[in-house]
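S.K.: Take this structure first; my questions come after.
The values are calculated or read from the model by the stated rules, or taken from the named source; none is laboratory data. Here the structure is a predicted model, which means the values were calculated and not measured. Cβ: placed from backbone, ideal geometry, glycine included. Neighbour counts: every protein chain shown. Quick note on the areas: whole protein, heavy atoms, side chains included, nothing else; ligands and nucleic acids left out. Shrake-Rupley method; radii C 1.70, N 1.55, O 1.52, S 1.80 Å.
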Amino acid sequence: MSFIETIAAKRDGRVNTKEQLKALAKGAADGTIPDYQLSAWLMAAFIKGLNPQETADLTLAMAHSGERLDLSGLPKPWLDKHSTGGVGDKTTLVVLPILAACGVTMVKMSGRGLGITGGTIDKLESIPGFRTDLTPEEMVAQAKRIGIALSGQTPRLAPADKALYALRDVTGTVASIPLITASILSKKIAGGADTVVLDVKCGSGAFMKTLPEAQALARSLVDTGKLCGLKISAVITDMDEPLGLAVGNALEVEEAVSVLSQPEAMLPRPTRRFRSLCIELAGHALEVVGRGDRVTAEESLESAAFAKFREWVSAQGGRLGEGAGQVTHTTVTHMGDSGWVERIDAAAIGQLVVDMGGGRKEKDDTIDPSVGLLLLVNVGDEVEADMPLARIVHRPGQDVSLAEAAVRAAVIVSPRRSQPSTTILDTVH
Ligand code: URA
């Protein structure tokens, strides 16, 4: 069977068979199909789409293109939580320990930041010593010991995704719902998951900018997951304004630690909004695995989750509380008339942190984990002239005049009273 037939079928809008998609994943993983042919197929699939069965067949073919983690020796339930990525999204750092402390085994592969959206691996690497390169054997052993293990993508699991993703990135074929679906779910299945809870982000700081787009992605992920034999559901959550107070790797870890270690009343308002989303997501996950609900999640957060977080960080070699170098703060105040915060442009805030060195512009850029932004207001807040809007956290001597202007442009204040934004927009089962 020639791969040219697979490409031509998709080009003409015909269905690719399971065998064709298996051969594609195998050829992508072992390098026997050349990049130009894979790229041609990716563009044909981007334009003509894949039907639900093809998406499931591609997902399974990619999942089985390498090894698969064997979790069979670990206590059930097992759960994988995945976010499609956003600005200030550090929910994994709080939700994983909440769930692990409730007896749910959490094994997870995470990614690095992509564009303006941060990545859990970058956030955890801001903790001195934290290892994000666990081998599959180390992941399973650690999860058995403490109920939680998280690593970066290893080349041994779903290698077809690694090859196809790298090509999509440079051929304008990332934003395809079936290709995103197969990419995300193949890694979950290769990671051994049987139950998955997805946090599909929606808004200016996410891949999916509108609710109908986010619903379409969530529907595709849930339907494909079920065809692949997963227990799966998705929560669609707001990413029109950044999540929480902090945007920037080390700052986000600090904010997650504050949620884990401090009573709600001591937290600033943007952090309370983040905390409430963590409880909702963890509560949803506990309902899915029959271990409780949002009340159980909040009890876990207030009692056992911080100890579990510290156990997790120390198991992966991390040393909490060791700073990553000297930083200073510049406060940005509101300069216009008083009013209400109508919008905070998450995409602009994400971009400004990337521009300060907190994210990557090129694949191999080194990031500065210490820099970022603390947003002191939420949508719906009343502000007056000279009130602080944000604190820019930067290196001493770093020029932040552009960042100050970017914050002022991103926080839109209007004379009309506005309402706080909703965090949970929809749930897809
Ligand atoms: N995350 C993934 O893992 N794959 C995609 O295609 C998009 C986001």
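S.K.: I'd like to verify a number: residues in the stretch 170-184 that are on the phi < 0 side of the Ramachandran plot, open to solvent by 30 Å² or more (accessible area, probe 1.4 Å) and more than 9 Å from the ligand (Cβ to nearest atom), how many?
M.R.: Final tally of qualifying residues: 3.
S.K.: Now for a different question. Give me the residue from the stretch 11-47 that is among the hydroxyl-bearing types (Ser, Thr, Tyr) and assigned to a loop (DSSP other than H, G, I, E, B) and, out of that set, surrounded by the most Cβ atoms within 10 Å (Cβ to Cβ).
M.R.: Among those that are among the hydroxyl-bearing types (Ser, Thr, Tyr) and assigned to a loop (DSSP other than H, G, I, E, B), it is Thr17.
S.K.: Something else about it: So which residues in the stretch 203-218 are open to solvent by less than 10 Å² (accessible area, probe 1.4 Å), assigned to a loop (DSSP other than H, G, I, E, B) and either at pLDDT 95 or above or more than 11 Å from the ligand (Cβ to nearest atom) (or both)?
M.R.: Gly203, Gly205, listed by residue number.
S.K.: Can you find a residue that is outside any loop (DSSP other than H, G, I, E, B) and either farther than 28 Å from Gln215 by Cβ or open to solvent by 70 Å² or more (accessible area, probe 1.4 Å) (or both) anywhere in the stretch 359-370?
M.R.: No, the stretch 359-370 has no match at all.
S.K.: Would you confirm, using the coordinates I've provided, whether Val200 is at pLDDT 95 or above, touching a strand residue (DSSP E or B) at 6+ places or on another chain (Cβ under 7 Å) and more than 16 Å from the ligand (Cβ to nearest atom)?
M.R.: No: the conditions fail for Val200.
S.K.: Mind checking which residues of the stretch 296-341 are of a type in the set (A, V, I, L, M, F, W, C) and open to solvent by 80 Å² or more (accessible area, probe 1.4 Å)?
M.R.: Within the stretch 296-341, Met335 is the sole residue that qualifies.
S.K.: Additional query: Looking for something assigned to a helix (DSSP H, G or I) and touching a His at 6+ places or on another chain (Cβ under 8 Å) - is there at least one such residue anywhere in the stretch 245-253?
M.R.: Looking for residues that are assigned to a helix (DSSP H, G or I) and touching a His at 6+ places or on another chain (Cβ under 8 Å), one finds none in the stretch 245-253, hence no.
S.K.: Those residues that are open to solvent by 10 Å² or more (accessible area, probe 1.4 Å), touching a strand residue (DSSP E or B) at 6+ places or on another chain (Cβ under 7 Å) and touching a residue at least 12 places away in the same chain (Cβ under 8 Å), I need them from the stretch 250-286; list them, please.
M.R.: Scanning the stretch 250-286 gives Leu251, Glu280, His284.
S.K.: Follow-up. Pull out all pairs, ordered by first then second residue, where Cβ-Cβ is under 9 Å, the residues are six or more apart or on different chains, the first lies in the stretch 113-124 and is among the small types (Gly, Ala, Ser), and the second is at pLDDT 95 or above and part of a loop (DSSP other than H, G, I, E, B).
M.R.: Gly118/Val87; Gly118/Gly88; Gly118/Asp89; Gly118/Lys90; Gly118/Gly248
S.K.: Can you go through Lys187, Lys226 and tell me which one is charged (D, E, K, R) and within 14 Å of the ligand (Cβ to nearest atom)?
M.R.: After ruling out the rest, the residue left standing is Lys187.
S.K.: Could you please find all residues in the stretch 219-246 being open to solvent by 10 Å² or more (accessible area, probe 1.4 Å) and in contact (Cβ under 8 Å) with a residue 60 or more places away in the chain?
M.R.: Once the filter is applied, which keeps residues that are open to solvent by 10 Å² or more (accessible area, probe 1.4 Å) and in contact (Cβ under 8 Å) with a residue 60 or more places away in the chain, the stretch 219-246 yields Arg219, Ser220, Asp223, Leu227, Cys228, Asp238, Asp240, Leu245.
Residue-wise test of (1) open to solvent by 40 Å² or more (accessible area, probe 1.4 Å); (2) more than 12 Å from the ligand (Cβ to nearest atom); (3) over 19 Å from Gly350 (Cα atoms).
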residue: Asp80; (1), (2), (3): no, yes, yes
residue: Gly88; (1), (2), (3): no, yes, no
residue: Val104; (1), (2), (3): no, yes, yes
residue: Ser126; (1), (2), (3): no, yes, no
residue: Ile146; (1), (2), (3): no, yes, yes
residue: Leu167; (1), (2), (3): no, no, yes
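S.K.: Separate question: Inside the stretch 392-420, can you point out the residues that are assigned to a loop (DSSP other than H, G, I, E, B) and surrounded by 12 or more Cβ atoms within 10 Å (Cβ to Cβ)?
M.R.: Scanning the stretch 392-420 gives Arg395, Gln398, Val400, Ser418, Pro420.
S.K.: Here's a check for you: in the stretch 371-391, which residue that is open to solvent by 10 Å² or more (accessible area, probe 1.4 Å) and in a strand (DSSP E or B) is nearest to Thr271 (Cα to Cα)?
M.R.: Residue satisfying both the conditions and the ranking: Leu374.
S.K.: So, one more: Contact list please: Cβ distance under 8 Å, first residue in the stretch 404-418 and of a type in the set (S, T, N, Q), second residue not in a helix (DSSP H, G or I), pairs at least six apart or on different chains.
M.R.: Ser414/Gly339; Ser414/Trp340; Ser414/Glu342; Ser418/Trp340; Ser418/Val341; Ser418/Glu342; Ser418/Val379; Ser418/Gly380
S.K.: Can you confirm whether the stretch 48-59 contains a residue that is within 16 Å of the ligand (Cβ to nearest atom), open to solvent by less than 30 Å² (accessible area, probe 1.4 Å), of a type outside the set (A, V, I, L, M, F, W, C) and in contact with a strand residue (DSSP E or B) (Cβ under 7 Å, 6 or more places away or on another chain)?
M.R.: No, the conditions are met nowhere in the stretch 48-59.
S.K.: Another question, if that's okay. Of the conditions (1) modelled with pLDDT of 95 or more; (2) assigned by TED's automatic domain parsing to the domain that holds Glu255, Lys10 clears all except one; give me its number.
M.R.: (2)
S.K.: Moving on to the next point. Only one residue in Thr132, Thr154, Thr92 is assigned by TED's automatic domain parsing to the domain that holds Phe274, of a type in the set (Ser, Thr, Tyr) and in a helix (DSSP H, G or I), so which one is that?
M.R.: Step by step, each of Thr132, Thr154, Thr92 is checked, and only Thr92 is assigned by TED's automatic domain parsing to the domain that holds Phe274, of a type in the set (Ser, Thr, Tyr) and in a helix (DSSP H, G or I).
S.K.: Of (1) modelled with pLDDT of 95 or more; (2) away from the ligand (no atom under 13 Å from the Cβ), Ala158 satisfies all except one. Which?
M.R.: The one condition Ala158 does not meet is (2).
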